[in-house]
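Quick one: this structure, given as structure tokens, is what I'll be asking you about.
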Amino acid sequence: MRTHEIRRRYLDYFTARGHVQLPSGSLVPPDWDTSVLITTAGMQPLKRYFLGIEQPPAPRATSVQKCFRTGDIDEVGNTARHLTFFEMMGNFSFGEYFKQYAIECAWDLSIREDGFALDPSRIWASVYEGDERVDPDEEAIALWMAHTSVPGERIVRLGGDNFWQAGPTGPCGPCSELYYDRGPEHGCGRPECAPGCECDRFLEYWNLVFLQYNMLEGGALEPLPAPSVDTGCGLERVAALIAGVHSVYETDAFGDVIREIEEWSDTRYGANETQTKSLRVLADHARAMSFLASDGIEPSNEGRGYVLRRIVRRALLHAQRIGIEGPVTERLHSVVVGLLSDVYPELGEYRTSVAALLAAEERRFAQTLQNGQQLLLEVLERSGAQIEAADAFKLHDTYGFPFELTAEIAAEHGVTVDEPGFARLMEEQRERARASTAAVGYGASELDAGFTTEFVGYEQLDVRTQVGALVDEGDGLLRLKLRESPFYAAGGGQVSDQGAIESDNGRAVVEQVIRQDSDQQIVARLEHGTIAPGERIRAHVLGEARRPTMANHTATHLLHAALREVLGDHVTQAGSYVGPDKLRFDFRHDAPLTPAQVRQVEAIVNRHVFENRPVHTFVTEKEHAQQLGAMMLFGEKYGDQVRVVEVPDVSRELCGGTHVRSTAEIGPFVILREASSSQGVRRIEAITSQAAFEYLRDRADQLDEAEHEAAGLRAELRKSARDGGAPASGGGNGREAGLVESASEQDGVRFVAAVVDDIDADTLLAISDRVKARLAPAAVVLGSSTEGKVHLVVALDQPVVDRGLSAVDLIREIAPIVGGGGGGRPTMARAGGKDPAQLATAIAAAETAIRERLSSPG
């Protein structure tokens, strides 16, 4: 039985018994859930239902949820069962049925012929043995014995893992797990071996969580409004049991991916330990990277982005180990999309952009590997029998070279690595970064300054003030408090301000501003010199980041009002992100917006912008604000005095964020995307101000270019009709014809990389598009210089982008050569520069890059 059939049987079983089928939530938890970095369990998107904060769509529900556990990354490949990404089938009761019906259903579906058809004599159950807070679950034991054929000797009492919680706070309770005895050949051989043993004989495949409590900060428990049920049944584990195989990697969930990788690498699963481990890693990480990226996560050095970066780079390391040549991530992603996009449509919807994202990360790591391996060889030459911890740490921390690869290459040279010393240095680095980590939502320790910082950033972006308290965290990282601060502390969805702190003796760049109720502290990194407690300093906010953030924040208020106007008053905010780059607005609504509704919402917001309405802010009593009809966010705590942000006749909300003075300062408003965030919550991403202007200008350029080409073709057709012949194949002017004739071809793609003399940037762009159109599928890189300025343009057809090339990556690679920079989108990017003498070098570098990427097998 394949996993598609198992998934379907599970959902059909519970929908036939009155459960509403819910779609999987995103791997990115909603803004209100800060308990985990990435969704780890099927119940996580449903937490508010279990807590009684929101009304569930039905008393009973079922789903198959995308899940990811970061703690297992390094174990993947070493065992037969560890995974990062997995699918959790679940059935849920929101205060309706409890232990008895959950046990009856789990038993019935496990053994029935049109269910999992497992041998009932091999099924064991576990219950919670109890602790100082919770009594032993004798009720569950009685129910197993009364309503199933599991005898008392196959029911075990376990602690620890049999009390379940989704995070440090939230719904929790005792659980009862179903185990399957796979036989002594899978076990440790000990007579006392039973469920709970570390060996592979007894495989836990279904967890029935009896949610009775809400865990508070500090570990205290309080009863939930209504006892509920949350079950999790691992799809991959059930597949292994039904197939009768030892490892989840031998099921079709991974086997189909592994067979593809075997063809690329001339390896075989089970041939030896090295090949088997690498094939497991690649199969698991292929799924993980595809789903993480499809849910909007991008590689970075922190948070979820760092998890994705680790996954991609670990996969590439193992691909190298088994000799896979050429691009890897694009092929892995393509296999996963082919297997699972019918179940998870987002895989297909974002296929092109995710492939480009993963390919870009692969190229970055390829350079890291190349540089790191050369540096490692230098280290080996001057090392004796062991590489020092400091050298291994520098390779890892400064150059991004994996410790695992350092150890492997060293072993090939008969050299060891000081692993305990490396672990110690890593721990010291984590200690130094604690202040930075705290700002991601885990709090920060207090700084005793004897005062509360006065935030003056609504009115002033540049102030003279005093450092009241300061802690040096090492490595240039400072935590400090100012008497007066212009820096906005992250809160209400708005990111913290950027900026700098300068004294007579030094300068520090503000990295984060941490909110602590009505107080704040600043995390800054010293650029030079020193900053000391008691010093008078200048604190100034980076206006280039604050201004677009203000525009985006006011735009979220207009967007909220527009959504309520178009969809109805049931729409309320469920979360937001407001930064200088974009805005994201989550709102409660149970259906996708139609294209017409999206256009209508966008038009309403822009109308309010063009009306140049004033934006008023004032502080008043909470009761008075309620009388005025000011909107309050559900679940937010407000004091007696509240700040109201008002756009007359449009919006009135309680808000502590920073805002523009009039709606005209927002500039154009463009909706980029409308999608699901979690069950019953939709998400809109939008841009304003300069970002929106550049987006609209690029779209206008594309339309102008398309119209220009169409006009040229119409003229050519008219001339052809008058002449009584076919359209000329040359077309265009001599310069464009020469570029077309100079084109090279590689692997089905025609490309041009050339210098065009003495034309401006807009003309260069127009020429590049016309040349691209005549050579399609094509890659065109052109450069020109006028009046001492350099212009560069990269234009790629979509099929070329699908091959792994990106105009943005190319332009960022060659622009520094001419002393400039630029950007754009995967199919078109532009840059400027100030060194015409290096123009030919830049174009040659582009040609080399294109040839290398097209020649890579894929």
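Looking at (1) more than 22 Å from Asp701 (Cα to Cα); (2) in a helix (DSSP H, G or I); (3) open to solvent by 10 Å² or more (accessible area, probe 1.4 Å), which is the only condition Glu745 fails?
(2)
For (1) assigned to a loop (DSSP other than H, G, I, E, B); (2) farther than 29 Å from His333 by Cβ; (3) open to solvent by 50 Å² or more (accessible area, probe 1.4 Å); (4) of a type in the set (S, T, N, Q), each residue gets a yes or a no:
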{"position": "Ile759", "(1), (2), (3), (4)": "yes, yes, no, no"}
{"position": "Ala766", "(1), (2), (3), (4)": "no, yes, no, no"}
{"position": "Lys772", "(1), (2), (3), (4)": "no, no, no, no"}
{"position": "Ala779", "(1), (2), (3), (4)": "no, no, no, no"}
{"position": "Ile811", "(1), (2), (3), (4)": "no, no, no, no"}
{"position": "Ala815", "(1), (2), (3), (4)": "no, no, no, no"}
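Please determine, by comparing only the residues of the range 285-331 that are charged (D, E, K, R) and within 15 Å of the chain's Cα centre (by Cα), which one is least open to solvent (accessible area, probe 1.4 Å).
Here the answer is Arg287.
Quick check on the range 1-41: of everything there that is open to solvent by 10 Å² or more (accessible area, probe 1.4 Å) and among the small types (Gly, Ala, Ser), which residue is modelled with the lowest pLDDT?
Step by step, filter the range 1-41, then rank; the result is Ser35.
Name the pairs whose Cβ atoms lie under 8 Å apart, with the first residue in the range 616-635 and within 28 Å of Gly52 (Cα to Cα), the second exposed (fewer than 10 other Cβ atoms within 10 Å of the Cβ) and among the charged types (D, E, K, R), and 6 or more positions between them or separate chains?
Hits for this filter: Lys622/Asp640.
Anything in the range 42-55 that is polar (S, T, N, Q) and either crowded, with 24+ Cβ neighbours inside 10 Å or touching an Asp or Glu at 6+ places or on another chain (Cβ under 9 Å) (or both)? List them, or say none.
Once the filter is applied, which keeps residues that are polar (S, T, N, Q) and either crowded, with 24+ Cβ neighbours inside 10 Å or touching an Asp or Glu at 6+ places or on another chain (Cβ under 9 Å) (or both), the range 42-55 yields only Gln44.
Let me ask something else about it. Output the residues belonging to the range 177-214 that are charged (D, E, K, R) and part of a strand (DSSP E or B).
Result: Glu177, Asp181, Glu204.
Of everything in the range 84-117, what is polar (S, T, N, Q), open to solvent by less than 10 Å² (accessible area, probe 1.4 Å) and either out of contact with any helix residue (DSSP H, G or I) (no Cβ under 9 Å at 6 or more places or on another chain) or more than 20 Å from Glu5 (Cβ to Cβ) (or both)? Give them in sequence order.
Once the filter is applied, which keeps residues that are polar (S, T, N, Q), open to solvent by less than 10 Å² (accessible area, probe 1.4 Å) and either out of contact with any helix residue (DSSP H, G or I) (no Cβ under 9 Å at 6 or more places or on another chain) or more than 20 Å from Glu5 (Cβ to Cβ) (or both), the range 84-117 yields Thr84, Ser93.
In the range 362-394, how many are part of a helix (DSSP H, G or I) and either aromatic (Phe, Trp, Tyr) or more than 16 Å from Arg314 (Cα to Cα) (or both)?
17
Going by the conditions given, is Glu361 within 27 Å of the chain's Cα centre (by Cα), modelled with pLDDT of 85 or more, closer than 30 Å to Ser26 by Cα and not small (Gly, Ala, Ser)? Walk me through how you get there before you give the answer.
Values: within 27 Å of the chain's Cα centre (by Cα): yes; modelled with pLDDT of 85 or more: yes; closer than 30 Å to Ser26 by Cα: yes; not small (Gly, Ala, Ser): yes.
So Glu361 fits the description; yes.
Name, by its number, the condition in (1) more than 21 Å from Ala356 (Cα to Cα); (2) in contact (Cβ under 8 Å) with a residue 12 or more places away in the chain; (3) surrounded by fewer than 20 Cβ atoms within 10 Å (Cβ to Cβ) that does not hold for Glu787.
With respect to (1) more than 21 Å from Ala356 (Cα to Cα); (2) in contact (Cβ under 8 Å) with a residue 12 or more places away in the chain; (3) surrounded by fewer than 20 Cβ atoms within 10 Å (Cβ to Cβ), Glu787 is out only on (2).
Something else now. Inspect all residues belonging to the range 215-229 and state whether any of them is closer than 25 Å to Gly152 by Cα and either open to solvent by 10 Å² or more (accessible area, probe 1.4 Å) or not in a helix (DSSP H, G or I) (or both).
Within the range 215-229, one or more residues are closer than 25 Å to Gly152 by Cα and either open to solvent by 10 Å² or more (accessible area, probe 1.4 Å) or not in a helix (DSSP H, G or I) (or both).
Can you list the strands (runs of 3 or more DSSP E) found entirely within the range 474-554 that contain at least 2 residues being surrounded by fewer than 19 Cβ atoms within 10 Å (Cβ to Cβ) and not hydroxyl-bearing (Ser, Thr, Tyr)?
499-502, 506-516, 519-529, 536-541
The values are calculated or read from the model by the stated rules, or taken from the named source; none is laboratory data. Computed from a predicted model, the values in this text were never measured in an experiment. Positions of Cβ are generated from backbone atoms using ideal geometry, with glycine treated the same way; all protein chains shown enter the neighbour counts. We work out accessible area using only protein heavy atoms, side chains counted, and drop any ligands, DNA or RNA first. Shrake-Rupley method; radii C 1.70, N 1.55, O 1.52, S 1.80 Å.
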